[in-house]
Amino acid sequence: MNPFQFDVRNLPDDGKHLTGSQPASFFLLPETDSARAETPLSYDLTILRDDDDIIITGKLDATFSLECGRCLERFPFRIEMSDYQSEVPIEKETTIDLTDTIREDILLTLPNFPRCEDGNVDLRDCPAEGRFNATESSMAQEMPGANDGVWNALDKLK
Ligand SMILES: [Zn+2]
């Protein structure tokens, strides 16, 4: 049962409210990747039609685990969107599925180059802080693969 899929013809004029949660597997992040979803996604959304668009507004909340690009330790990172808004064009007067839009919007807010000291769940200093000089060559070495999981997952949506 996919709560984000419905027939646009059945959408009430004043919209509909969707509230609940989806398992962490909703994000389709493979276990081997650096970004993992650690909690279910909880959502509290209003779905409205505006002419040829579906407007999604509301709240999204999920906690991920990311790998610090500097010390390589995992740390929790919470995505809490309290005034989420997105628009999906209606292409046909039939069933529409907002799953990919919602998944992609959340994954795109994850940091591209995660640093454990930027974690918003546990405050910590990166134990590897200062081990690298902030030169361009060390930056370049840190970049590859920093967030492959997210990009792989996004690629699969295309
Ligand atoms: Zn770190």
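The values are calculated or read from the model by the stated rules, or taken from the named source; none is laboratory data. Keep in mind that what you see is a predicted model, and the values were worked out from it rather than measured. Because the Cβ atoms are built from the backbone with ideal geometry, glycine has one as well, and the counts that use them run over all protein chains shown. To get the accessible areas, we keep the full protein, side chains included, count just its heavy atoms, and leave off ligands, DNA and RNA. Shrake-Rupley method; radii C 1.70, N 1.55, O 1.52, S 1.80 Å.
Side notes on the structure shown:
- Top-ranked residue in region 15-33 [being farther than 21 Å from GLU80 by Cβ and at pLDDT below 95; ranked as surrounded by the fewest Cβ atoms within 10 Å (Cβ to Cβ)]: GLU31
Residues checked against (1) assigned to a loop (DSSP other than H, G, I, E, B); (2) modelled with pLDDT of 65 or more; (3) open to solvent by less than 20 Å² (accessible area, probe 1.4 Å):
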| residue | (1), (2), (3) |
| --- | --- |
| PHE75 | no, yes, yes |
| TYR84 | no, yes, yes |
| GLU87 | no, yes, no |
| GLU93 | yes, yes, no |
| PHE113 | yes, yes, no |
| ASN120 | yes, yes, no |
| ARG124 | yes, yes, no |
| GLY130 | yes, yes, no |
| ALA146 | yes, no, yes |
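- Close pairs (8 angstrom Cβ cut-off, 6 or more residues apart or separate chains): in contact (Cβ under 8 Å) with a residue 24 or more places away in the chain in region 27-55, β-branched (Val, Ile, Thr) and assigned to a loop (DSSP other than H, G, I, E, B) anywhere: ARG49/ILE90; ASP52/ILE90; ASP53/ILE90; ILE54/ILE90
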